[in-house]
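Asks: Once you've had a glance at the structure underneath, I'll fire off some questions.
The values are calculated or read from the model by the stated rules, or taken from the named source; none is laboratory data. Being a predicted model, the structure only gives us computed values, none of them experimental. Glycine gets a Cβ as well: all are built from the backbone with ideal geometry, and neighbour counts include every protein chain shown. Accessible surface areas use protein heavy atoms only, side chains included; no ligands, DNA or RNA. Shrake-Rupley method; radii C 1.70, N 1.55, O 1.52, S 1.80 Å.
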Amino acid sequence: MAVLFYAALYLVLACASAWAHLLAGGLIGFVWIQSGWMGHDSGHHRITGHPVLDRVVQVLSGNCLTGLSIAWWKCNHNTHHIACNSLDHDPDLQHMPLFAVSPKLFGNIWSYFYQRTLAFDAASKFFISYQHWTFYPVMCIARINLLAQSALFVLTEKRVPQRLLEIAGVATFWAWYPLLVASLPNWWERVAFVLFSFTICGIQHVQFCLNHFSSDVYVGPPKGNDWFEKQTAGTLDILCSPWMDWFHGGLQFQIEHHLFPRLPRCHLRKVAPAVRDLCKKHGLTYSAATFWGANVLTWKTLRAAALQARTATSGGAPKNLVWEAVNTHG
């Protein structure tokens, strides 16, 4: 991460080539991806084994490098782990009005996480009807929404652990990144730099979706006696060679991660055979696909929901598209 970061600084500050500047934007995107894996691991206290040191890693890799508050992320992510693929409890499946993975979301269901109705109105119907075409373009700029949601969380949420530290970390990002962009010679290069860094990081946003979008969903809270079943049925592993583990950051063993969230990712490949055997023994779902195959499954899921949205009955007209955009979560 340090090599990538300082290489990007060198290309921006010491090179005059526009192509070098564009490459620097891509390197920043890769830094964000790897820092995302680091923030994810430290958020589960899986790196040093010491809460204080893991907290330092969290703030540096999350707040300072990416601009995403680790407190905001943990609030979302812990809920996701508890209520994996519950349409009304899991925030990672609540992306109205842009995306819906199931027609069950067309019923204006109540989000227990966001404490509001996930309205299937005219705007939602329009966007969702074409979601299988807009999914990848939106993923290229999805970071904008994450940055906005993170900032809103640390500034407005009533209970934020170590709020001042969280704000200071996010403020550090908003100091170094705009300064780096401003160092570029013209606006065309600045826009290209930002878009390319966001687009490269969009790979990670796609990866987050692949593990759950095409898996089983349900409505309602998780129950203590079916937690194991819900975790395995709602999750998809990605088949890859060990030399690609750095690319997937542990998400390639998402089933194992959901069952053992504090197990360091370097051990996930070791326990995967035991988990597969356990699922086979008890007749539980254990799904896995290649990276390409997972993309195909996700696209088919979005397309199926999109076709159903076109014939579904929507609610009232939206207040306006600006209101819808500001209130988009996920």
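Asks: Could you list, in sequence order, all residues of segment 34-57 that are within 22 Å of residue 164 (Cβ to Cβ) and either charged (D, E, K, R) or in contact with a strand residue (DSSP E or B) (Cβ under 7 Å, 6 or more places away or on another chain) (or both)?
Replies: 54, 55
Asks: Of the conditions (1) open to solvent by 40 Å² or more (accessible area, probe 1.4 Å); (2) in contact with a strand residue (DSSP E or B) (Cβ under 9 Å, 6 or more places away or on another chain); (3) not in a loop (DSSP other than H, G, I, E, B), residue 221 fails just one. Which one is it?
Replies: The one condition residue 221 does not meet is (3).
Asks: Regarding residue 279, is this residue more than 23 Å from the chain's Cα centre (by Cα) and either modelled with pLDDT of 95 or more or not aliphatic (A, V, I, L, M) (or both)?
Replies: yes
Asks: Looking at segment 84-98, which of its residues are assigned to a loop (DSSP other than H, G, I, E, B) and open to solvent by less than 30 Å² (accessible area, probe 1.4 Å)?
Replies: The first filter runs over segment 84-98 and keeps only residues assigned to a loop (DSSP other than H, G, I, E, B), leaving 84-85, 87-90, 94, 96-98.
If the condition is that a residue be assigned to a loop (DSSP other than H, G, I, E, B) and open to solvent by less than 30 Å² (accessible area, probe 1.4 Å), then 84, 85, 87, 88, 90, 94, 96, 97 are the ones that fit.
Asks: Hey, another quick one. From 54, 41, grab the single residue that is closer than 17 Å to residue 78 by Cα, under 19 Å from the mean Cα position of the chain (by Cα), in a helix (DSSP H, G or I) and not aliphatic (A, V, I, L, M).
Replies: Working: 54 fails: under 19 Å from the mean Cα position of the chain (by Cα).
Among 54, 41, only 41 is closer than 17 Å to residue 78 by Cα, under 19 Å from the mean Cα position of the chain (by Cα), in a helix (DSSP H, G or I) and not aliphatic (A, V, I, L, M).
Asks: Conditions first: (1) of a type in the set (A, V, I, L, M); (2) within 23 Å of residue 206 (Cβ to Cβ); (3) touching a residue at least 24 places away in the same chain (Cβ under 8 Å). Residue 23 passes all but one, so which condition is the exception?
Replies: Among (1) of a type in the set (A, V, I, L, M); (2) within 23 Å of residue 206 (Cβ to Cβ); (3) touching a residue at least 24 places away in the same chain (Cβ under 8 Å), residue 23 violates only (3).
Asks: So, one more: Return yes or no: is residue 146 open to solvent by 20 Å² or more (accessible area, probe 1.4 Å) and either at pLDDT 95 or above or in contact with a helix residue (DSSP H, G or I) (Cβ under 9 Å, 6 or more places away or on another chain) (or both)? So that I can check it myself, show each step before the final result.
Replies: On the way: open to solvent by 20 Å² or more (accessible area, probe 1.4 Å): yes; either at pLDDT 95 or above or in contact with a helix residue (DSSP H, G or I) (Cβ under 9 Å, 6 or more places away or on another chain) (or both): yes.
Yes: the conditions hold for residue 146.
Asks: Looking at 101, 59, 31, 52 in this structure, which one is closer than 25 Å to residue 261 by Cβ, free of Cβ contacts under 8 Å to residues at least 60 places away in the same chain and open to solvent by 10 Å² or more (accessible area, probe 1.4 Å)?
Replies: 52
Asks: Need the failing condition index for residue 73 against (1) under 16 Å from the mean Cα position of the chain (by Cα); (2) of a type outside the set (A, V, I, L, M); (3) within 16 Å of residue 232 (Cα to Cα), just the number.
Replies: It fails just one condition, (3).
Asks: Same structure again: Can you tell me which residue is nearest to residue 49 (Cα to Cα) among those in segment 253-303 that are among the aromatic types (Phe, Trp, Tyr) and in contact with a Lys or Arg (Cβ under 9 Å, 6 or more places away or on another chain)?
Replies: First, the residues of segment 253-303 that are among the aromatic types (Phe, Trp, Tyr): 253, 260, 286, 291-292, 299.
Narrowing further to those that are in contact with a Lys or Arg (Cβ under 9 Å, 6 or more places away or on another chain): 253, 286.
Numbers: 253: 21, 286: 29 Å.
Looking at the filtered set, the residue picked out is 253.
Asks: Which one of the conditions (1) among the aromatic types (Phe, Trp, Tyr); (2) more than 27 Å from residue 263 (Cβ to Cβ); (3) open to solvent by less than 40 Å² (accessible area, probe 1.4 Å) does residue 188 fail to meet, given that it meets all the rest?
Replies: Result: residue 188 fails condition (3) only.
Asks: Looking at (1) farther than 19 Å from residue 74 by Cα; (2) surrounded by fewer than 19 Cβ atoms within 10 Å (Cβ to Cβ); (3) aliphatic (A, V, I, L, M), find the lone condition where residue 139 falls short.
Replies: (2)
Asks: Going residue by residue through segment 114-131, is there one that turns out to be under 18 Å from the mean Cα position of the chain (by Cα) and modelled with pLDDT of 95 or more?
Replies: Yes - at least one qualifying residue is present in segment 114-131.
Asks: Of all residues in segment 89-133, which are among the hydroxyl-bearing types (Ser, Thr, Tyr) and either more than 20 Å from residue 146 (Cα to Cα) or out of contact with any Pro (no Cβ under 6 Å at 6 or more places or on another chain) (or both)?
Replies: 102, 111, 112, 114, 117, 129, 130
Asks: Has segment 109-121 got at least one residue that is assigned to a loop (DSSP other than H, G, I, E, B), of a type in the set (D, E, K, R) and closer than 30 Å to residue 169 by Cβ? It would help to see each step written out before you state the result.
Replies: Let us first name the residues in segment 109-121 that are assigned to a loop (DSSP other than H, G, I, E, B), namely 109, 112-115, 118-121.
Among the residues that remain, those that are also of a type in the set (D, E, K, R) are: 121.
Pick out the ones that are also closer than 30 Å to residue 169 by Cβ and you get none.
No, the conditions are met nowhere in segment 109-121.
Asks: The conditions are (1) within 27 Å of residue 136 (Cα to Cα); (2) surrounded by fewer than 18 Cβ atoms within 10 Å (Cβ to Cβ); (3) in contact (Cβ under 8 Å) with a residue 12 or more places away in the chain; (4) not basic (Lys, Arg), and residue 167 fails exactly one of them. Which is it?
Replies: Result: residue 167 passes all but (1).
Asks: Which one of the conditions (1) open to solvent by 50 Å² or more (accessible area, probe 1.4 Å); (2) farther than 30 Å from residue 301 by Cα does residue 130 fail to meet, given that it meets all the rest?
Replies: With respect to (1) open to solvent by 50 Å² or more (accessible area, probe 1.4 Å); (2) farther than 30 Å from residue 301 by Cα, residue 130 is out only on (2).
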